[in-house]
């Protein structure tokens, strides 16, 4: 650049040579080159500069964010905004830049600004949908997740309802629809719309029926869905219907113990289970802080970047609480044993979701927690048979789902049968 602030011909030639040269060029070199060329060919190079800035914000070789990741993403947004509004690529470039920037804002705890960018992303999608006369899909999931983090559950449920309506006509689409359906059900539940939440399960079951007919159905995911459904029915005081659903679970689990899973999608089934586990523990698994929530019904990878560390890091404090409470529960079970069981369950759930999200060997990391949880629940049942029966059943079902996720179908069936016995249902 010369003293007048303009790029001279040598700068332009060097920039073009960087981009045309064979071999590796660093993200920084790309950004510097596009910054030069965007001055002389904005229509061609501004979209490329915005994308390169986003690429520079994260070092894929070492898996770490750039120290100036937020500033880079903010620059990408500014670059995209500077594009000519008449450019047909402007909307996509701005959407992508906003998406990268809102992630960084959430990562540093600036949720209000992140949510505002998600609102702008949705507005872009709505404008594009109006032009193409297609249903809105882009931006709805991020908007709903942001609303849930803020406790705006009714609005989140409306957004997820709109998203599902746009996705369902296109079918399962490699499993993506299933995740949106889980989010939708949880959003409706969190909004207190019990009838709609239960009805939404019919959409999930219909999708799973289609997958089974196409030879792609996963018995384990069907089991998790039915177990979640039964738990929700219990929450809404529909015990008789819940008992019927559990009989369907028993039949399917008995078959699975005999035949094994005929189809597998790698870690997909275990990830599905982790979502179920966060939901089943949401009612009693209370965060100690008043920080951002993690959305039950959403896969951990989709959680708010500033909410996820609080959820997982709390495992250490929970471990200390459990260890401190254990001797008091032994000395005075009337006062402390039920709370010890609850805290241990919270520790187990958070640990299981943490390790499932990080290694396919998660079973070795958390097996003892599930076993200890059952032992504690049995102690509670022996101390208080009337009050402890349902708690023991719930924790046995937790371990049953863990064993399904770890492909131990016979032991999973044993746990589920015991749970039914404690619920007073046919095993």
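The values are calculated or read from the model by the stated rules, or taken from the named source; none is laboratory data. Bear in mind the structure is a predicted one, so any value in this text is a computation, not a measurement. Please note: Cβ atoms are built from the backbone with ideal geometry, for glycine as well, and neighbour counts cover all protein chains shown.
Name the one entry in 142, 211, 130, 202 that is in contact with a helix residue (DSSP H, G or I) (Cβ under 8 Å, 6 or more places away or on another chain) and either in a helix (DSSP H, G or I) or surrounded by 17 or more Cβ atoms within 10 Å (Cβ to Cβ) (or both). The match here is 142. Within segment 94-119, take every residue that is out of contact with any helix residue (DSSP H, G or I) (no Cβ under 8 Å at 6 or more places or on another chain) and outside any helix (DSSP H, G or I) and give me the one that is farthest from residue 46 (Cα to Cα). Top of the filtered list is 109. When restricted to residues that are assigned to a helix (DSSP H, G or I) and farther than 18 Å from residue 351 by Cβ, segment 397-415 contains 7.
Could you pull out every one of the helices (runs of 4 or more DSSP H) wholly within segment 1-93 that has 2 or more residues that are closer than 25 Å to residue 110 by Cβ and in contact with a helix residue (DSSP H, G or I) (Cβ under 7 Å, 6 or more places away or on another chain)? Break it down into steps so the answer makes sense when it comes.
Values: elements: 9-20, 27-40, 42-56, 69-81.
By residue number, 27-40, 42-56, 69-81.
Per the conditions (1) surrounded by fewer than 22 Cβ atoms within 10 Å (Cβ to Cβ); (2) at pLDDT 90 or above, the sole criterion not satisfied by residue 52 is (1).
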